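Before any comments, here is the structure.
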Amino acid sequence: MHGVPDELLRRALAGDREALDEVLARYLPRLRAFVRLQTGARIRAEESTSDLVQSVCRHLLEDLPKLEFRGEEAFRGWLFTTAVRKILKRDTFYTRAKRDVRREVGGDVAIAECYRTMTTPSADLIRSEEIEEFERAFDRLDAEHREIISLVRVAGMSHAEAGEKLGKTEGASRVLLHRALARLATILETE
């Protein structure tokens with residue numbers, strides 16, 4: 001993930017709307033991909049990815065006066081943790097209510113670009129059918145494999161950050177990601 005310069009992030013957190021727009025523009029493609037992968041098939045069928053991402057951004061705007069600059073790593077952690085909380089809240093809502101909401105349709109180029117980082121470099125732009133195929137394969141991974149891919153490849157965390165979040169060493173995080181990507185490739189080949 002291309003980092004956000006500290007000065008830009010400082011200005012954004014201080015309420016500079018132009019800086020905040022730029023920070024969000026840089027994070028939006030990965031945030032959308034992260035949300036789609038974290039929701040799983042059932043929630044993707046119930047809730048629009050755009051609505052969830054918009055909810056995270058709205059939460060950021062509400063919390064902006066309370067947020068302090070602690071560096072990009074802390075901001076990124078806040079952003080993606082907020083996304084996970086929103087997803088869990090929606091999951092609880094739909095589990096209890098058993099509501100049927102229309103499914104978001106279409107192939108989002110930004111999401112396809114993010115997913116492409118987990119497949120071979122020679123892959124052409126993933127069409128919407130391929131996005132669905134990728135998500136079905138991703139859903140077949142065990143929870144730990146889904147989490148490491150989401151944290152490192154989608155959220156852009158370092159192996160040290162991901163390892164800390166998962167209770168593993170940096171080296172163990174690297175090995176886990178390698179195994180997760182290998183398993184994902186195997187599932188994709190057999191579908």
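The table for this structure:
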quantity	calculated
Residue list for region 155-188, filter: exposed (fewer than 15 other Cβ atoms within 10 Å of the Cβ) and farther than 20 Å from residue 84 by Cα	169, 170, 171, 175, 178, 179, 182, 185, 186
Out of 50, 55, sole residue that is in contact with a Lys or Arg (Cβ under 8 Å, 6 or more places away or on another chain), modelled with pLDDT of 85 or more, loosely packed, with under 14 Cβ neighbours inside 10 Å and assigned to a helix (DSSP H, G or I)	50
Residue satisfying all of: in region 147-191; of a type in the set (Lys, Arg), farther than 26 Å from residue 130 by Cβ and assigned to a helix (DSSP H, G or I); nearest to the chain's Cα centre (by Cα) among these	165
Residue satisfying condition, being under 21 Å from residue 131 (Cβ atoms) and part of a helix (DSSP H, G or I), within set 32, 26	32
Members of region 131-144 found to be assigned to a helix (DSSP H, G or I) and either in contact (Cβ under 8 Å) with a residue 40 or more places away in the chain or within 14 Å of the chain's Cα centre (by Cα) (or both), listed by number	133, 134, 135, 136, 137, 138, 139, 140
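The values are calculated or read from the model by the stated rules, or taken from the named source; none is laboratory data. No experiment lies behind these values; they were computed from the predicted model shown. Glycine gets a Cβ as well: all are built from the backbone with ideal geometry, and neighbour counts include every protein chain shown.
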